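The values are calculated or read from the model by the stated rules, or taken from the named source; none is laboratory data. Since this is a predicted model, take the numbers as computed values, not measurements. Every residue, glycine among them, receives a Cβ derived from its backbone with ideal geometry; neighbour counts consider all protein chains shown.
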Amino acid sequence: MVEEMNNEMADVKSFSVGEVVTGTITKVEEKQAFVNVGFKTDGVIPISELSSLHVEKVSDVLTEGEEVELKVIKASDDELVLSKRAVAAEKAWDDITGKFSSGEVFEAEVADVVKGGLVVDVGVRGFIPASLVERHFVEDFSDYKGKTLRLKVVEMDKDKNKLILSQRAVLDEEATAKKRDTLSAIKPGDVLEGTVQRLTDFGAFVDIGGVDGLVHISQMAHHHVETPSEILNEGDSIKVKVLGVDPDNERISLSIKDTLPGPWELLDGKVKQGDIVEGTVKRLVSFGAFIEIAPGVEGLVHISQIANRHIGTPGEVLKEGETIQAKVLDINLADKRISLSIRAIEEEEQAKIENEAKQEYQKEDDHAGFSLGDVIGDQLKKYKN
């Protein structure tokens, strides 16, 4: 009898704190599980030692008959307390240290949404601050639970059980790589599709595939633009032409204007020699006046074509800003040149009056008592008035 007891005692294993053992789950309760590891009684795994994250009930993690690897955290003659969490953490820290050193990107599922960020289980509790989840601001993270994120380790302290992870770091690196590829791929002269990201007083920043280029206000339209918001809104999809690329400083100059038909092109077929056009006196110079007959299109009225009399300066007859009518003497769209005449209209009108007066005179009796000069003089007087 004594010999049998001695043999049984010899078969019972002894354990020390920190030892890692393998056992089989024999019973699962709500707050603890029992495991056979060869001790004289089953060892106990408290619910708090199952995972680095909160566990509602033991059955969510363990099942009877399951074989698990555990670490001894308390050992006495009558009691053996074991931890599944400690084994996982030990392995996890080794793995995380390697990922931190190499900058490796790995995936993890969001286990919980907490104040200030997200929590994942990577063998230890990993925390992702709200500011490190996305590149943009996220107001509500409620739908992130269960979502798989791509992460990098940005801070770790094994002694304090602290692990800070970031998805934004992954996204930033990808954006930088995409920007670098875009900068090396695009060339001056390329016409690209872009999205207006931001408007400023001096222009608009446009995303053309991961990199922002600037459309200066002077490159937005063929006509003068006071503020970018006159023609653009944030979020607009637009076509732009690349004017210049500076890869070292990550600067790209763009133009909307160069993708649009020019004002002279729009004029093709609409204005021809002999037409009467209306325009605004834009500039007076010693040799004539420049008249804007369409946005971005100016024609020249030479000083000799301003009036049907000799004048010393264009300012004797015209002033900047006034609206006038002129006749197209010549038009060359290729050279962007239009010659205009105000005098031609006056002379045509005078000739018309003289012709009407002559016809009226011929209808009168030879003894009517007035001459052709009288009739024409009266008509011209009316015209001058």
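Structure summary
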{"quantity": "Strands (runs of 3 or more DSSP E) fully within the range 11-94 counting 3 or more residues that are touching a residue at least 12 places away in the same chain (Cβ under 8 Å), touching a Ser or Thr at 6+ places or on another chain (Cβ under 8 Å) and crowded, with 19+ Cβ neighbours inside 10 Å", "calculated": "67-75"}
{"quantity": "Residue within the range 162-179 that is out of contact with any Gly (no Cβ under 8 Å at 6 or more places or on another chain), of a type outside the set (Lys, Arg), farther than 24 Å from residue 101 by Cβ and surrounded by 12 or more Cβ atoms within 10 Å (Cβ to Cβ) present", "calculated": "no"}
{"quantity": "Options 187, 158: the member that is surrounded by 14 or more Cβ atoms within 10 Å (Cβ to Cβ) and at pLDDT below 95", "calculated": "158"}
{"quantity": "Breaking point among (1) at pLDDT below 95; (2) under 30 Å from the mean Cα position of the chain (by Cα); (3) over 25 Å from residue 180 (Cα atoms), for residue 248", "calculated": "(3)"}
{"quantity": "Check on residue 213, closer than 27 Å to residue 173 by Cα and surrounded by 17 or more Cβ atoms within 10 Å (Cβ to Cβ)", "calculated": "yes"}
{"quantity": "Residue within the range 62-84 that is within 27 Å of residue 142 (Cα to Cα) and modelled with pLDDT under 90 present", "calculated": "no"}
{"quantity": "Within the range 256-344, strands (runs of 3 or more DSSP E) holding 3 or more residues that are surrounded by 15 or more Cβ atoms within 10 Å (Cβ to Cβ) and among the aliphatic types (A, V, I, L, M)", "calculated": "276-285, 288-294, 297-302, 323-332"}
{"quantity": "The range 71-123: number of residues that are touching a Lys or Arg at 6+ places or on another chain (Cβ under 6 Å) and of a type in the set (Ser, Thr, Tyr)", "calculated": "1"}
{"quantity": "Filter result (more than 11 Å from residue 93 (Cα to Cα) and either assigned to a strand (DSSP E or B) or charged (D, E, K, R) (or both)) within the range 114-125", "calculated": "114, 115, 117, 118, 119, 120, 121"}
{"quantity": "Cross-chain or 6+ apart pairs with Cβ under 7 Å, the range 318-345 first and over 17 Å from residue 276 (Cβ atoms), then in a helix (DSSP H, G or I)", "calculated": "333/264; 333/267; 336/264"}
{"quantity": "Enumeration of residues in the range 274-304 that are touching a residue at least 24 places away in the same chain (Cβ under 8 Å) and touching a Leu at 6+ places or on another chain (Cβ under 7 Å)", "calculated": "281, 284, 288, 289, 291, 294, 297, 299, 300, 301"}
{"quantity": "Selection status of residue 203, modelled with pLDDT of 95 or more and at positive phi", "calculated": "yes"}
{"quantity": "Residue in the range 106-121 that is under 29 Å from the mean Cα position of the chain (by Cα) and among the aromatic types (Phe, Trp, Tyr) present", "calculated": "yes"}
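Residue-by-condition table, conditions (1) in contact with a strand residue (DSSP E or B) (Cβ under 8 Å, 6 or more places away or on another chain); (2) β-branched (Val, Ile, Thr); (3) closer than 29 Å to residue 316 by Cα:
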residue: 215; (1), (2), (3): yes, yes, no
residue: 226; (1), (2), (3): no, no, no
residue: 259; (1), (2), (3): yes, yes, no
residue: 287; (1), (2), (3): yes, no, yes
residue: 297; (1), (2), (3): yes, yes, yes
